[in-house]
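To start, the structure itself, in structure tokens.
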Ligand code: SF4
């Protein structure tokens, strides 16, 4: 059996940074420490944070005291303002790359052109970004929605930092036909692009692939769909416990990848489980470590 871990997988810079800030905040601040929503889309990490006294709050109204950490996805200017009106300490862990996208949307909104945001409308990053658009932003999730847009003289288009590059390209192709002057900003983060490329390359050279990560993680779901479109035998697991023997029937070359919110331990546990529980008699083992 050969096990290959994708070269670029697991926690991205923005999520690692937010986790570090959260832990440092917990050490320094007395009283309650909250994150606005789950700090990271991974149930296991969220429950570890809870055990350290870092609680997620779903709504702003839930927080009346203590310290609030804004996660890597950022928040809308309106929500930021609401936070400043409370008697709480704000620690902003918005990823610097997301901050740049927020500034871009803010600048484009002043230029009076329509702004198309390609992303998931329920995702916190998109909810934050649309808030910077001064009602000039339109969220588009797929090509069909782009086709329904009317013809416009001027438009700008950009993407959620974790968007699937191939979908973004398809939506841009549709918009070109519907816009006289289309300005395209590829705001997909480099680490997302590298991770997607590594996963699709891996999917084309293994016979079974496991995508490890939270089922509520948008970027991990995208990785799963990218891999599944290349390799039918792709499985999405949140943890090693979900791996069943039938998933590995006839598997000789197994690939493993994980999203921007997948901690390295979760990937290591999947490697460990496959190595120790599903030994094949004759194949060789070649485990390539994940570089995060
Ligand atoms: S995917 Fe990129 S932009 Fe988004 S949080 Fe991670 S490093 Fe930042």
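Rule-based calculations on the coordinates, nothing more; no lab input. Computed from a prediction, not measured in an experiment: that's the story for all the values here. With ideal geometry, Cβ positions are generated from the backbone for all residues, glycine too; neighbour counts draw on all protein chains shown.
Starting with the fewest neighbours, write out 73, 225, 123 ranked by other beta-carbon atoms found within 10 Å of each beta-carbon.
In order of increasing Cβ crowding within 10 Å: 225, 123, 73.
Most mobile of 210, 168, 278 per a Gaussian network model of the chain (Cα springs, under 10 Å)?
Per the Cα network of the chain with a 10 Å cutoff, 278 tops the list.
Using the Cα gyration tensor of region 97-190, with a ≥ b ≥ c the square roots of its eigenvalues, what is the shape: rounded (a/c below 1.5), prolate (a/b larger than b/c) or oblate (neither)?
Oblate is the answer for region 97-190, as a/c is 1.5 or above yet b/c matches or exceeds a/b.
Can you compute the label reach from residue 247? Point 7 Å from Cα along the Cβ direction, backbone N cut-off under 17 Å, restricted to region 175-210.
Within reach of a label on residue 247: 203, 206-210.
Which residue fluctuates most in the GNM of the chain (Cα springs below 10 Å): 67, 199, 220?
67
Classify the chain from the C-alpha gyration tensor, please: rounded if a/c falls under 1.5, else prolate or oblate depending on whether a/b exceeds b/c.
oblate
Multiply the residue separation of residue 27 and residue 272 by 0.36 nm, subtract the distance between their alpha-carbon atoms, and state the gained length in nm to one decimal.
Length gained between residue 27 and residue 272: 85.0 nm.
Would you look at the GNM of the chain, springs on alpha carbons closer than 10 Å, and say which of 24, 268, 246 moves the most?
Among 24, 268, 246, the largest mean-square fluctuation in the Gaussian network model of the chain belongs to 246.
So for the pair residue 81, residue 13, with labels modelled 7 Å out along Cα→Cβ, what separation do we get in nm?
According to this spin-label approximation, the distance is 3.2 nm.
Between region 91-130 and region 14-73, what is the separation of their alpha carbon centroids in Å?
22
Please report 1, 247 as a ranked list, fewest other C-beta atoms within 10 angstrom at the top and most at the bottom.
Ascending Cβ contact count within 10 Å gives the list 247, 1.
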